[in-house]
Every structure is written in structure tokens, then in C-alpha cells.
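Nothing in this text is a laboratory measurement; each read-out follows from the coordinates by a stated rule. Being a predicted model, the structure only gives us computed values, none of them experimental. Ideal geometry is used to build each Cβ from the backbone, glycine not excepted, and the neighbour counts take in all protein chains shown.
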């Protein structure tokens, strides 16, 4: 999992870019713990908490900038959180969780690419 790829996904909104990097760092720590067959509970909790906090902050930002597609974006957040819960609760098998974390990483990058970049022009206008 290459977290440096996030440099290609910068929105140029510092607070959001920092949160993206922080939750990906936590996801990478979870990935590494799974790979090393260590206990993952603390990593899972930290990642999930950071992702939820990010979504709360991002949804508040979208409200502040009157982003017209906020409802669809919030729905996408809910779907990602569903995937996170599913991933964290699906299996205790490390090899399976390792695969699911990698899949989640790609889903988060896709979300940034397809959803987050859409509100940037509204932010730039404020």
C-alpha cells in the first residue's frame, strides 16, 4: 500500500488533504498489523474514528459552501462506512482482511477522485 500516491489526489484544501493523509496512514498501520499477524483492534478503532471524523468535517464544509450535491456525497460516505464495518467484522483471517483493506484503500482513492474533487470548485468560489 503506497500512501505517497495521495499526492496525486490533493484537493488543495489543506484541512481535507491532511485528514485524507491521516486516515490513510492509519489504514496503512492496520494493513501492516494484519500483514504481521498482530492484534488489530486498536488500529481498526483508530482508522474508523479518523474516517468518521473526516466525514463529519467534510460534510460540514459542503454545507458551508452550499454544495448542491451534498446529499449524494453523504450517501457515498454512508456506503463507505458500511464497507468499513463489513471489512472490520467479516473475518478474523488475516489473509482475507489484508485483501479487504487493500480493496478499501482503492475505494477511498476512488471516492476522493470521483466525489471529493466535485466540490472543490464550490470551495474555490467561497
Next item on the list: With everything on Cα atoms, drop me the angle between helix 70-90 and the longest principal axis of the chain, reported from 0 to 90° to the nearest 10.
Entry: 0 degrees
Next item on the list: Assign one of three labels to the range 23-83, namely rounded, prolate or oblate, based on the Cα gyration tensor with a ≥ b ≥ c the square roots of its eigenvalues; rounded applies when a/c is under 1.5, prolate when it is not and a/b is larger than b/c, and oblate otherwise.
Entry: prolate
Margin query: Just want the ordering: 26, 11, from fewest to most Cβ atoms lying within 10 Å of their own Cβ.
Written below: 11, 26
Next item on the list: Could you line up 90, 40 from fewest to most neighbouring Cβ atoms inside 10 Å?
Entry: 90, 40
Item checked: Expected-Rg normalisation [2.2 N^0.38 Å, Cα atoms] applied to the range 3-125 -> 1.07
Checklist line | Sites residue 5 and residue 66 - FRET efficiency at Förster radius 22 Å, r taken between beta-carbons, to 0.05 | finding: 0.10
Checklist line | Mean Cα-pair separation over length for the chain, i.e. relative contact order, pairs under 8 Å, 6 or more apart, % | finding: 32 percent
Next item on the list: Using the number of other C-beta atoms within 10 angstrom as an exposure proxy, rank 19, 44 with the fewest first.
Entry: 19, 44
